[in-house]
Amino acid sequence: PREAMALAAAAIARGERVGLMFGSEKNGLSNAELDAANAIVTIPTFPGFSSLNLAQAVLLVCYEWGAIAEGENQYEVARQAYDADEAAAEAEGGSGARAPLGQVDSLLRFWEERLWEANFF
């Protein structure tokens, strides 16, 4: 959660909009909701008791957000996360800019249609 909130702060510093999705305690997030996410945050837990309820998960993520938002070097944390994100994207040969969700969805539908046409499934 700490790294995810640092990346969220970096995205906001770049002028991007950030939202957090939490699923219900009963079912979590649907596959469609997970597909719409740009990133997934996992919370490390004790292997013998790996269950968290929704309130605990929200509390941990919001605590980490608050720690970044109230820190003296909030800008520096966001800048470092942004620089690391950009460096990783450039190392992979990209520009670091993310495609809008609609474009990603369209591309995935195109690939799936071609796979069906080729009898891949």
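The values are calculated or read from the model by the stated rules, or taken from the named source; none is laboratory data. Small disclaimer: the values here were computed from a predicted structure and weren't measured. Note: areas computed on protein heavy atoms with side chains; ligands, DNA, RNA excluded. Shrake-Rupley method; radii C 1.70, N 1.55, O 1.52, S 1.80 Å.
Data overview
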{"read-out": "Which of 40, 68, 12 is most accessible, then next, and so on - probe 1.4 Å", "value": "40, 12, 68"}
{"read-out": "Probe 1.4 Å, all protein chains present, accessible-area order of 110, 49, 22, largest first", "value": "49, 110, 22"}
{"read-out": "The chain - percent of accessible surface contributed by carbon and sulfur, probe 1.4 Å", "value": "55"}
{"read-out": "Accessible surface of residue 109 - all protein chains present, 1.4 Å probe, nearest 10 Å²", "value": "120"}
{"read-out": "Percent of C-alpha pairs per 10 Å bin, the range 1-65, short to long", "value": "18, 50, 29, 4, 0"}
{"read-out": "Over the chain: Rg over Rh, Cα atoms, Kirkwood Rh", "value": "1.04"}
{"read-out": "Average accessible area per residue (Å²) across the chain - probe 1.4 Å, nucleic acids and ligands excluded", "value": "78"}
{"read-out": "Among 107, 29, 59: highest mean-square fluctuation, GNM of the chain, C-alpha pairs under 10 Å", "value": "107"}
